[in-house]
Amino acid sequence: MNKYSLLAVSLLVSMSSFAQTKNLPAPNMQRKTLSVMETFQQRKSVREYSDKMLSDQDLADLLWAAQGKNRPDGHITAPTAMNRQEIRLYVFTAQDVSLYDPQTHTLSQVTTGDHRDIVAAGQNFTKTAPVVLVMVADMDKFGSTNQHAQWMVAVDTGIVSENINLYCAAAGLCTVPRGSMNANAIRELLGLSENQIPLINNPVGFPK
Ligand SMILES: Cc1cc2nc3c(=O)[nH]c(=O)nc-3n(C[C@H](O)[C@H](O)[C@H](O)COP(=O)(O)O)c2cc1C
């Protein structure tokens, strides 16, 4: 192998370690949570988080509750109009940004580094949440961009966010749904097209 082939191989190896895909633990159906009625009683917006990190199991259960696959035919925990499943769910942490795949229950790294500041957009408490979930509506996957389609994807996004709100209340985590964020910077960072629209985000952590 000459030095150019060696260089190409090492470049490929470093690129493949960059674009990692991580299997998440299966959702824990035995997790101790509040009842549905207690959950509604507890649901509230919280804007202060402790330093405690979420474990892999915590994150896996949170993402699955948000919009994980819950039936063998590929349907997910969040209903979507015409089952288009057009909401992309990104996970921002202090280490990197990843995309959740509901069908394989995996996380694929999109980029490295701490980019929570562009989601915070001035609301600094967002940067203190160990996990910030960003919901991006993919109008191409929905199949239309007309006004009715825009309403439907907004409703679908709200449902995913509410799954997160309720899961957090039930499982002893805390969160707040946020419309504020630097959508243009997020678009640029994630390489989104103009039909992929960051709509809402949920910082998630443990109570302080
Ligand atoms: C669509 C939507 C957008 C919101 N955007 C923000 C936001 O950008 N920043 C924020 O701190 N709270 C935001 N909130 C949270 C609301 O301020 C909060 O839900 C409201 O004050 C009621 O409080 P509660 O959630 O504790 O019942 C948003 C809520 C919704 C539903």
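Observations on the structure shown:
- Any pair with Cβ under 9 angstrom, 6 or more apart, that starts in segment 67-94 at a residue that is on the phi > 0 side of the Ramachandran plot and ends at one that is open to solvent by 10 Å² or more (accessible area, probe 1.4 Å) and of a type in the set (D, E, K, R): Q85/K141
- Yes/no for V119 being open to solvent by less than 50 Å² (accessible area, probe 1.4 Å) and among the β-branched types (V, I, T): yes
- The residue that is surrounded by the most Cβ atoms within 10 Å (Cβ to Cβ), counting only those in segment 68-94 that are closer than 15 Å to T106 by Cβ and small (G, A, S), is G68.
- In the set (1) without any contact (Cβ under 8 Å) to a residue 12 or more places away in the chain; (2) open to solvent by less than 10 Å² (accessible area, probe 1.4 Å), V132 fails one condition alone, (1).
- Residue match in segment 141-159 (condition: in contact with a Ser or Thr (Cβ under 9 Å, 6 or more places away or on another chain), closer than 11 Å to N201 by Cα and more than 14 Å from the ligand (Cβ to nearest atom)): no
- With respect to the stated conditions, I200 is modelled with pLDDT of 95 or more, under 29 Å from F40 (Cβ atoms) and surrounded by 19 or more Cβ atoms within 10 Å (Cβ to Cβ).
- Against the test of being buried (at least 16 other Cβ atoms within 10 Å of the Cβ), more than 15 Å from the ligand (Cβ to nearest atom) and not in a loop (DSSP other than H, G, I, E, B), the options L166, L189 yield a single qualifying residue, L189.
- Consider segment 30-52 and keep the residues that are away from the ligand (no atom under 11 Å from the Cβ) and open to solvent by less than 80 Å² (accessible area, probe 1.4 Å). The one that is farthest from the chain's Cα centre (by Cα) is S35.
The values are calculated or read from the model by the stated rules, or taken from the named source; none is laboratory data. Quick caveat, the model's predicted, so the values are computed rather than measured. Backbone-built Cβ (ideal geometry, glycine too); neighbour counts: all protein chains shown. Ligands, DNA and RNA are stripped out before the accessible areas are found, and what is left, the full protein with its side chains, is counted by its heavy atoms. Shrake-Rupley method; radii C 1.70, N 1.55, O 1.52, S 1.80 Å.
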